[in-house]
Every structure is written in C-alpha cells, then in structure tokens.
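S.K.: Here you go, one structure.
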Amino acid sequence: MLYKFFWVIRALFFKSYFKEIGFPSYIGKPTFLMGGRRVYIGKYVRVFPGMRLEVHGEGILNIKDDVSIGQNLHLACGKKITIESGVVISGNVLIIDIDHSYDDLEKSVLNQKDTYKETYIGENCFLGHGAKVLAGTNLGRNCIVGANAVVRGTYADYSILAGNPAKVIKSFNGEKWVKHD
C-alpha cells in the first residue's frame, strides 16, 4: 500500500506538468511523457507504471473521472483523444489518433506527414489486455474490447468486439446479449 502513497506524490508533482489533474488521481512511474500541457486528467484516475504518453503539436488528451489504466499503456495523440468516465484499460494497450503516411516511396515513413483522426472511448468501456485502438475509432458506451483486438471504426453502445480486425461478436438489444455471426 506504501507504493500508492508515492504514486499520489508523483501525481502532485505532475500537477505542474499536465494542464489539469484531479485529486485523488495517482500515477505510477511513467517511461515517457511528452506534451503534458495539453493533457487533462480527471479525478480518481489510476495509472499503473510504464505509461508512454505522447501529445504531438496541438493535440489534446482528455481522460475523464474514475478511469483505471493498466501497466504499459501507450497513448499517441496529435489531434484529440477522449477517454470518458468509468473506462477500464488493461495492460499493454495502445490508443492512438495518428496514422503514418506511406505514399512517397522515396521517403521513409518517418519522414512523411502524419494524418490525424479523433479517437473516442465512451463511458464504462473495457479494453482487454493488449488491445489496439487505432486512429478514428469511436467506441460507444459500455463497449468491451477483447484481448489483443485491433479496433478501427465506429461501434454502437453495448458492443463486444474481438479479433484482428475487430468485429462485433455480441451486442445488447435492450433485453439480452445477442451473439453475432
């Protein structure tokens, strides 16, 4: 339990680095932080160690209240990523709003212009271990993303997604969960 004390101390330290961080949020030791002045973190946000957080250019990262983030999260933001309240993110998850261009075959991908598409994760979603949420994804409320799923697109509230590429395998019709073929 002593480690959480140090995480709270670290969060207080980051209060001067991030645009906003609510109390009592706590942050485990990160591996990399960039662009903190464009990061908004709500109250009761719990971040386990190993987070890599990149906010490029004018990007905005907004993590709302009561979000739990597992170890080794990688967030790369160039436009806008919103993570709504009550979201649970398991370990080794990637969330991005950036795509690399590769049209110019004479240049390395690293030397080409990036493209940006807002990424949104709705209230009370659950992202399984190793999930990848790619640029332009819009997850509705209470979506469940299976372990190692690769998600891109727009998904309705109460969808369960799995696979690479992710597909809806179940959804809630108002009365019960319905399996999709």
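S.K.: Rounded to a whole number of µm²/s, how large is the Stokes-Einstein D of segment 1-79 at 4 °C and 1.567 mPa s, given Rh as the Kirkwood radius over C-alpha pairs?
M.R.: Values: Rh = 12.2 Å.
After rounding, the answer is 106 µm²/s.
S.K.: If I compute Cα Rg over 2.2 N^0.38 Å from the structure I just sent, which labelled value in [x] 1.06; [y] 1.14; [z] 0.96 lines up?
M.R.: Label of the calculated value: [x].
S.K.: Over segment 62-181, with every protein chain in place, what whole percent of the accessible area is carbon and sulfur at 1.4 Å, could you tell me?
M.R.: Answer for segment 62-181: carbon and sulfur cover 50 percent of the accessible area.
S.K.: Only loop residues by DSSP count here, and only those with at most 14 other Cβ atoms within 10 Å; note down the GluC sites (Glu not before Pro) in segment 54-148 that meet that.
M.R.: Hits after loop and neighbour filter: 58, 106.
S.K.: Tell me the per residue accessible area of segment 5-103 using a 1.4 Å probe; a whole number in Å² is fine.
M.R.: On a per-residue basis, 45 Å².
S.K.: Let me ask something additional. How much length, in nm to one decimal, is gained on full extension between residue 17 and residue 44, taken as 0.36 nm per residue of separation minus their Cα-Cα distance?
M.R.: 7.9 nm
S.K.: For segment 57-133, just the Cα atoms, rotate onto the principal axes and tell me the three extents in Å, largest first.
M.R.: 45, 24, 15
S.K.: Further question: How are the Cα pair distances of segment 123-165 distributed, in percent, across 10 Å bins from 0?
M.R.: Over segment 123-165, the share of Cα pairs per 10 Å bin runs 35, 62, 2 percent.
S.K.: While we're looking at this one, here's another question. How many angstrom lie between the Cα centre of segment 86-134 and the Cα centre of segment 154-173?
M.R.: If you average the Cα positions of each part, the centres end up 18 Å apart.
S.K.: Write down the Kirkwood hydrodynamic radius of segment 75-181, to one decimal in angstroms, obtained as one divided by the mean of 1/r over all alpha carbon pairs.
M.R.: Across segment 75-181, the inverse of the average 1/r is 14.3 Å.
S.K.: In the structure shown, do any of 4/117; 43/80; 19/117 have a Cα-Cα gap over 26 Å, and if so which?
M.R.: 4/117
The values are calculated or read from the model by the stated rules, or taken from the named source; none is laboratory data. In this text, all values refer to a predicted model and were calculated from it rather than measured experimentally. Glycine also receives a Cβ, built like all others from the backbone with ideal geometry; neighbour counts cover every protein chain displayed. Side chains included, ligands, DNA and RNA excluded: accessible areas come from the protein's heavy atoms. Shrake-Rupley method; radii C 1.70, N 1.55, O 1.52, S 1.80 Å.
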